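J.: Structure below; questions to follow.
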Amino acid sequence: MTSPDDPQPFSLRSIAVAAFGPTLLFGIGTGAVMPVVALSARDLGASVAVAALIVTLIGLGSWFFNLPASLVTLKFGERWSIVGAAAAAGLALVAAALAPQLPDGIWLLAAAMVVVGMSSSVFGLARQKYLTEAVPLNYRARALSTLGGVNRIGVFIGPFAGAAVIQFAGLSGAYWVGVVAMVGAALLSVTIPDLEVPAPKPGADVGPQPTLRSVAVSHAGVFLSLGVGILLLSALRSSRQVVIPLWADHLGMDATQASLIYGISGAIDMLVFYPAGKLMDRRGRQWVAIPSTAIMGTALLLIPLTGGFTGLLLAGMLIGFGNGISSGLVMTLGADFSPDRGRGQFLGLWRFMADAGSTGGPLLLSGVTALATLGAGVSATGVLGFAAAAVFAVVIPRLKHRRNY
């Protein structure tokens, strides 16, 4: 594996299987089960509200475990953290598949979803930290954009794989697809080469590892400036996943039409991640951060103006393009400003902020819609895009000297 200081030529293809293969499989595993969790809960006797809560537990488990995930990665190292996270997710999905056969299986399903979320947190953080340290700086954005893009491809493939098996095995078939994918991710992750830890320079002060608190205090300026942009971007991204189906329903479209628009938007999302990463490496992070958020914000402001299938499709395609070019942006900026010592702790805090935004975006949409109208709620989420673009336009150039540019 080439280190960031290695003068040897570097190629992403040389690390493709070890670096991106487990991420693809993990994405397939989570993608396969996401559409059926609520249905499984309903079959186990849960109300609609409880079924929605169980789905939410995946995101909550990931959000709240971001900080412990940094400590797990520090203790066990990147490779074994990735292996363990995939294995834990696989075991959780086994439990979810068996839940209908057990009394009070709804509790087992809920616990399994929490573990899947926690595992996703460890897997994502360890994978991000590994690539940050393994890939040369001038390839960083391309590597992390590809990582994000490969995960999206996996999540896109997963529901189709799950649906194919459900035809023969019922709802539990989706969970078994997830189990197979997670086992494959764990086995493939074992082949990841360990990073070489450079020897400390003579006379260097090698003290104890920084704590989460000390990293938060020493990098407060970054978290309170650039971190706000990341929080807004994450809120924007999560809101756009809810907006398209809701507005399609508002316009009286059937599920097939809504799914088609959502699917085309997702397909465009997956096609543009690598060129965006290359642009970030060659021209700078702001060349993607500002346009992507402004494009998504514009598309969301246009959605309330649409009155039919074609208009919503065009707006959805614009959202997909904006989100696609931002693939890996959160990870890249986190890697750029993370310290050499305490990187895992920094990334844990960084991901915690991003997940807070992901949780808050749909809440904003829900709150404004409840107080006013759905159109007003969609417009409010669109404003988040311009707010994020403004933060990035001001902050990224000012912080440019701080780290890794």
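The values are calculated or read from the model by the stated rules, or taken from the named source; none is laboratory data. Computed from a predicted structure; not experimentally measured. Don't worry about glycine lacking a Cβ; one is built from the backbone with ideal geometry, like all the others, and counts go over all protein chains shown. These area figures cover heavy atoms from the full protein model, side chains too; ligands, DNA and RNA do not enter into them. Shrake-Rupley method; radii C 1.70, N 1.55, O 1.52, S 1.80 Å.
J.: Here is a check on your reading of the model: is Ala52 at pLDDT 95 or above and farther than 25 Å from Lys129 by Cβ? Don't jump to the end; show me each part of the working.
T.: Numbers: at pLDDT 95 or above: no; farther than 25 Å from Lys129 by Cβ: yes.
It is false that Ala52 is at pLDDT 95 or above and farther than 25 Å from Lys129 by Cβ.
J.: Could you list, ordered by first residue, the pairs with Cβ atoms under 6 Å in which the first is in the range 230-254 and part of a loop (DSSP other than H, G, I, E, B) and the second is modelled with pLDDT under 90, at least 6 apart or interchain?
T.: none
J.: Looking only at residues that are at pLDDT below 85 and either within 18 Å of Val150 (Cα to Cα) or of a type in the set (Val, Ile, Thr) (or both) in the range 238-262, which one is surrounded by the fewest Cβ atoms within 10 Å (Cβ to Cβ)?
T.: It comes out as Thr256.
J.: Which residue out of Val165, Val190, Val183, Val179 is in contact with a helix residue (DSSP H, G or I) (Cβ under 8 Å, 6 or more places away or on another chain), surrounded by 14 or more Cβ atoms within 10 Å (Cβ to Cβ) and modelled with pLDDT under 95? Even if it seems obvious, please write down each step before you answer.
T.: Working: Val190 fails: surrounded by 14 or more Cβ atoms within 10 Å (Cβ to Cβ); Val183 fails: modelled with pLDDT under 95; Val179 fails: modelled with pLDDT under 95.
Going through Val165, Val190, Val183, Val179 in turn, the sole match is Val165.
J.: Still on this model: Please state which of the following conditions Arg42 fails to meet, knowing it meets all the rest: (1) assigned to a helix (DSSP H, G or I); (2) modelled with pLDDT under 85; (3) open to solvent by 60 Å² or more (accessible area, probe 1.4 Å).
T.: Among (1) assigned to a helix (DSSP H, G or I); (2) modelled with pLDDT under 85; (3) open to solvent by 60 Å² or more (accessible area, probe 1.4 Å), Arg42 violates only (2).
Per-residue answers, yes or no, for (1) over 19 Å from Pro35 (Cβ atoms); (2) open to solvent by 10 Å² or more (accessible area, probe 1.4 Å); (3) in contact with a strand residue (DSSP E or B) (Cβ under 6 Å, 6 or more places away or on another chain):
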residue	(1), (2), (3)
Ala88	yes, yes, no
Leu98	yes, yes, no
Leu102	yes, yes, no
Ile106	no, yes, no
Leu109	no, no, no
Ala112	no, no, no
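J.: Taking the range 366-383 on its own, how many of its residues are within 23 Å of the chain's Cα centre (by Cα) and hydrophobic (A, V, I, L, M, F, W, C)?
T.: Kept after step one, since they are within 23 Å of the chain's Cα centre (by Cα), are these residues of the range 366-383: 366, 378, 380-383.
Next, only the ones that are hydrophobic (A, V, I, L, M, F, W, C) stay: 378, 380, 383.
Of the residues in that region, 3 qualify.
J.: Right, next: Given the range 293-401, what helices (runs of 4 or more DSSP H) lie entirely inside it while holding 2 or more residues that are open to solvent by 40 Å² or more (accessible area, probe 1.4 Å) and under 30 Å from Asn138 (Cβ atoms)? Walk me through it before giving the result.
T.: Details: elements: 309-325, 329-337, 343-371, 374-399.
It comes to 343-371, 374-399.
J.: Consider the range 47-86. How many of its residues are touching a residue at least 60 places away in the same chain (Cβ under 8 Å), touching a Lys or Arg at 6+ places or on another chain (Cβ under 7 Å) and open to solvent by less than 10 Å² (accessible area, probe 1.4 Å)?
T.: Residues flagged as touching a residue at least 60 places away in the same chain (Cβ under 8 Å), touching a Lys or Arg at 6+ places or on another chain (Cβ under 7 Å) and open to solvent by less than 10 Å² (accessible area, probe 1.4 Å) within the range 47-86 amount to 3.
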